[in-house]
Every structure is written in C-alpha cells, then in structure tokens.
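The values are calculated or read from the model by the stated rules, or taken from the named source; none is laboratory data. Everything numeric here is computed off the predicted structure, so don't read it as measured data. Reconstructed Cβ throughout: ideal geometry from the backbone, glycine too, with neighbour counts over all protein chains shown. What goes into the accessible areas is simple: the full protein's heavy atoms, side chains included, and nothing from ligands, DNA or RNA. Shrake-Rupley method; radii C 1.70, N 1.55, O 1.52, S 1.80 Å.
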Amino acid sequence: MKDDLIRSAKEVLTPALSIHADILVKSARGIYVEDGTGRRYIDFTSGLATTNVGHNHPLVMEAIKRQADALIHSGCIFYHEPLVVLPVMLREVTPQGIDMFFFSNSGAEAVEGALKLARFYSRRQGIVAFTSCFHGRTFGAMTLTTSSIRYRREYQPFVPSVYHSPYPYCYRCFFGQKPDACGMDCFEYLERLFRHLVHPEEVACIVMEPVLGEGGYVVPPVEFLKRLRSLCDRWGILFVLDEVQSGMGRTARWFASEHFEVVPDIMTMAKGIASGMPLSAVGAKSEIMMRWSPGAHGTTFGGNPISCAAAIATLKIIEEEGLLENARQVGCYAQERLNGMKERFPCIGDVRGLGLMIGIEFVQNDGTPFKELLKKVLDCCLEKGLILIECGVDKNVIRLAPPLIVSREEMEKGLDILEEAVRVVCG
Ligand SMILES: Cc1ncc(COP(=O)(O)O)c(C=O)c1O
C-alpha cells in the first residue's frame, strides 16, 4: 500500500524534487517521525535543519491553531499582532545592531531580498560570494550558489557582476596549506580579486555562510571572518551573512556569527525560525533598512500571521527550554564520540562543527572523498530507523543536524545506529 502510494507519487511529482527517503510519514513529534505502519524513525535531519524545537512542538501547534482561528492572511494590507510582536523579539536575539526586518517565505527569497537591499543601499553592482556555498535556487541566490554544479547546469546566463572566491575549507584547503601553517591564502585571493577583476568601490556586498551548510558543514577560521569584516569596513562594502541554515540556535548560539565575534550589516534567516511554517527574514542595521523606500521590495505572503505566530512560539521555546545550552552540551558529547569513531574507522576523515551542526566526512584510503560508501552508510541507517542526509561538494559528508531538544540519551541511541552502520559498511 505504502509502496503503491510512493510509486504513484513518483508519476506525478517532478523528479527534480529529489526526496531523500522512500518513507511515507503520517505523524511526527520531537525527534521522531512515524509512518503509517507504526514504524518510528529518529530524524537527525530536523527536516533540513528546520524543526529546531522538534517536530510538532505542542506550544508551536497551539500557537498555529490559535492564530488559524483568528486570522490567516493580511497580504500586507494591514498590520496584525504577530507581525508587530515578532520583529521586536527578533531584535533581542539577532547580533547587536541588526534591528529592522523584512519577512518573506523561504531562504532563497530572503537572500534575494538581501542582494536587492545591498544594491539599493550602496548603489553599487558587484557581489562577491564564496565557492561551495549554497544560497538557494532562485536566480540571484543560484548565481551565488556553487556547492554543486548540478544547481547551476543549464541555467545560464546568471545574474551579472557576481564574483567568487574560495571558501576557507581547511580540511581540503584550496591552496594545499595545512591548518598549522596557514598563510590565509584564501583571504589573499579575495584581495587579488579586487586588484584584477572588480574594484572594491564597485562592490555592493560580500555574502557568506558563516558555517558552510549544503557545501559540507565546514567551520571557517575566526580570523577569516574578522579580516572580512575589516575589509568591508575599509571599502564601504556591506557584509552579508546567510544564516538560513546556521541560525536559530543550530550552532548553540542564536546565530553562528557570534562564534566569530563579527556583526554583519545584513543577515538572512529562515529554516528554524518558524519550526516548519514557511517564513524567512532579512535583518539589517536600521540605517541601511531605512533607505529601502516603500515599494522598493514587497511580498503577498511574507510575514504570514500563522508563520509569525509559529516563530514567536519557537523563539520562546528556544529561550525557555534552554536549547542553546542543550545544543552545546549534546553537540560536545556527539563530537567527542564521533572523534572516537574517527580513530577506529579510517573511512572517517574529519569530524567538525559547532553545536548541533556537525559534519562527518568520509574518505578513501588516500584521503579522497568516498561518496559511494557514505550512500551505503545512510541507507543502512535508514533501514535501522535513523534518518540522516549528506552534504558536501562531493556528497561525502554526513550532516548531523538533530533538533536542539535532543537529549544525550537520544543522541547516544542515534549514534549507536550510525556506529553500527559504519561497522557493517566499512568493516
Ligand atoms: C544557507 C542557505 N541559504 C539559503 C537556502 C535556501 O533556502 P530555501 O530552500 O528555504 O529557499 C538554504 C537552504 O538549504 C541554505 O542552507
């Protein structure tokens, strides 16, 4: 029955929508999802780093139901209560100085908004992004996206005046340097770009994921972001951080930028902001946002009352349930255990991350990426009741992104399954 339904879905749903697991989920709660036969799976993907407070948190469900009874749409024709409350709450948790917001529906839409705001404010055209980053699938966001050629192939021409520089991915340094003898050649490359390809005074913004998501869960050196901030200040370039995946407590801080002690001029957030309801936001310093004149940007559904109500509940839960501290503690435990596994299994080349945004990179004996092996590990985990997904330019990295409510015992249970799968597949 379930197989029939999935088969018929494949006849009517575009194959472009690549659904990871052939399971038909009927209900979900916390870290678990359940199919129609009563089989329960641990979801350590959080529905793509989105259900940060767990699936169907009772307080989020209550807020959604209450708002649905009262008002479900405004179309930006009038104000509504959640739209008034949410930005005030967001201002409390975003980096100091980010104090005005524009709401939209998806991560890509927020990135488009950020790019438009940067060009509008600066009256400059150039945009600098980093190779391996993912920013979404609309034209502007896709032009910046380089985490895989499959997201770009056949879609030329792209948005003009976009330049790319290598992301500081120290485990696979583009310049072949070792972390203990790093000359920050990646930063020098960026400076060279300004000498050869585009003058910095023509650059509107530099856009970066503070922790690489889709591109492999990579944590860049603190120094790199600090230098980037100074470079932006020197040339009047807007520093845009895309926190769509790394935000909302995922890295054990409200936003990953806090780990690097840098404040962006503009930032994007989505995914975990409303626990699965469609909502995203562009946040910016008010001096920048205030110049975006009425009608210069807009939306019909952005800031939808139900999504905003879900976001208000989500923010309260993260705060009141101490989920940042939980993410820190359980994330530390997970990295410790995974590093132990790395010692025992040579196919695990690197373990890295912040909070509950952890990457586990699989390699062959010569250190090259081992995509096929990873696929087998993921299939084996699914069979044993654990949902995990991959990331990385070579699709050889497990992205461990469980809900922030995960307890140490639940993490242990999930990692037991993962370890068993690695043992079965890697021997
Ligand atoms: C960093 C980042 N930016 C933007 C996006 C695009 O978000 P959406 O799929 O909601 O458009 C994603 C999605 O994975 C992301 O990880």
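A few remarks follow.
- Multiplying the residue separation of ARG423 and LEU17 by 0.36 nm and removing their Cα-Cα distance gives an extension gain of 143.0 nm.
- Using the Cβ-Cβ distance between VAL159 and VAL88 with R0 set to 45 Å, the FRET efficiency from 1/(1 + (r/R0)^6) comes to roughly 0.85.
- Long-range Cα-Cα pairs in the range 285-427 (distance over 22 Å), rounded percent: 51 percent
- Total formal charge among the other residues, if their Cβ is under 11 angstrom from that of ALA284, Lys/Arg +1 and Asp/Glu -1: -1
- For the range 153-190, the residues whose amide N sits under 20 Å from a probe point set 7 Å from the Cα of VAL222 along the beta carbon direction are 168-171, 179-187.
- Check: the range 146-236 dipole with +1 on Lys, Arg Cβ and -1 on Asp, Glu Cβ, in debye: 160 debye
- Over the range 1-137, the ratio between the Cα radius of gyration and 2.2 N^0.38 Å evaluates to 1.39.
- Descending semi-axes in Å of the chain, equivalent ellipsoid built from Cα gyration tensor: 32, 29, 20
- Selection of trypsin sites (Lys or Arg not before Pro), the range 1-72, meeting DSSP coil and at most 15 other Cβ within 10 Å: ARG39
- Dividing the summed -39500 (n - 2.57) terms of all DSSP H runs of n ≥ 4 by the residue count of the chain sets its mean residue ellipticity at 222 nm at -12000 deg cm²/dmol.
- Counting 0.36 nm for each residue step from GLN177 to LEU24 and taking away their Cα separation leaves a gain of 50.5 nm.
- Neighbours of TYR217, meaning other residues whose beta-carbon lies under 15 angstrom from its beta-carbon, give a summed charge of -1 when Lys and Arg score +1 and Asp and Glu score -1.
- Restricting the trypsin sites (Lys or Arg not before Pro) of the range 136-243 to loop positions (DSSP other than H, G, I, E, B) with no more than 12 neighbouring Cβ atoms within 10 Å leaves ARG153.
- Neighbourhood charge, 15 Å Cβ-Cβ cut-off, centred on ASP416 and excluding it, Lys, Arg +1 and Asp, Glu -1: -1
- Across LYS10/LYS384; LYS116/LYS395; LYS26/LYS413, pairs whose alpha-carbon gap is larger than 27 Å: LYS116/LYS395
- Whole-percent carbon and sulfur share, accessible surface of the chain, 1.4 Å: 53 percent
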